[in-house]
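What follows is calculated from the coordinates using simple rules that are stated; it is not laboratory data. The model shown is predicted, which means the values in this text are computed figures rather than measured ones. When we count neighbours, we look across all protein chains shown, and the Cβ atoms used for this are built from the backbone with ideal geometry, even at glycine.
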Amino acid sequence: MDNGSSVLAHLERLETQVSRSHKQSEELQSVQAQEGALGTKIHKLRRLRDELRAAVRHRRASVKACIANVEPNQTVEINEQEALEEKLENVKAILQAYHFTGLSGKLTSRGVCVCISTAFEGNLLDSYFVDLVIQKPLRIHHHSVPVFIPLEEIAAKYLQTNIQHFLFSLCEYLNAYSGRKYQADRLQSDFAALLTGPLQRNPLCNLLSFTYKLDPGGQSLPFCARLLYKDLTATLPTDVTVTCQGVEVLSTSWEEQRASHETLFCTKPLHQVFASFTRKGEKLDMSLVS
């Protein structure tokens, strides 16, 4: 029995080895088949690569031949036309993207006519247009921008190199001018009772001077104010001077009031400051200063 058992065990080991050998042989055949398929695929891809390279070389040669047959002036004209068309598309994109910021426009036979609508504190004010000719160099055909706005200076800086910057810079100047003019108009129309003389202003509305009293019928001292806007893109003054008319030396209370007026004019729109005067009478609404 022991000899029989050992023979059976030996046979089982031989069967296991044969089975394992068959399995390894099958795996090897599978790997070889995969390698063969990959090799075929690599060969096809290399052939496709070579075909594409040849096509690219042929295309380049054709383009060079076409360029060689074109007159130099024609080539320049084509490049310039493409550049002008790109600028026109750029302007159209700017107008479309910033329609709700006051910029709008329409295409013309020459290029594009841009409309700039100004506003201050949510109030729609004046509108201005600039008719641009899209050619080389770009130029302004016609416009309604006031003569005291530095349009030529802005155009010289940005029109040929950055149309977007040109339009935005012009918007800044026009909006600031409209905002200053709006404040001066409101002072004259809504608070004329507090003014003791005419409001003096230059066309750009960046220099205002006026005399006012907080109680027109009372005995309060008249104040003289001078507001200078050095920054033409701003709606608040950069320099403010307030003095008391006819008085060289002020009491402490009047000096404090004069100084507080200067602070108010520097930090708040003109009509808002006078609205505070009207509400409080001689007592200033100092909450506006903060």
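In sequence order, the range 113-129 has phi-based couplings of 10, 9, 10, 10, 9, 9, 7, 8, 6, x, 9, 6, 10, 6, 10, 9, 10 Hz under the Karplus curve 6.51 cos²θ - 1.76 cosθ + 1.60, θ = phi - 60°, and Gly or Pro positions carry x.
Extending 7 Å from the Cα toward the beta-carbon at both Ala156 and Asp239 defines two label points whose distance is 2.4 nm. Cross-link pairs exceeding 24 Å in C-alpha to C-alpha distance, out of Lys136/Lys230; Lys106/Lys181; Lys230/Lys268; Lys157/Lys268; Lys213/Lys268, comprise Lys136/Lys230; Lys106/Lys181; Lys157/Lys268.
Just subtract the alpha-carbon distance of Ser109 and Gln34 from 0.36 nm times their residue separation and send over the number in nm, one decimal.
Numbers: separation 75, 0.36 × 75 = 27.00 nm, distance 6.64 nm.
So the chain would gain 20.4 nm between Ser109 and Gln34.
Listed peptides 178-185, 157-164 appear in the order 178-185, 157-164 once ranked by packing, highest mean of other Cβ atoms within 10 Å at the front. Just to be sure I understand the model, the point goes 7 Å from the Cα along the line to the Cβ. What's the resulting Ser144 to Asn202 distance in nm? Modelled inter-label distance: 2.6 nm. With both labels modelled 7 Å from their Cα along Cα-to-Cβ, the Ser189 to Asn123 distance reads 0.6 nm.
Based on Cα contacts under 8 Å between residues 6+ apart, the range 140-277 shows a relative contact order of 19 percent.
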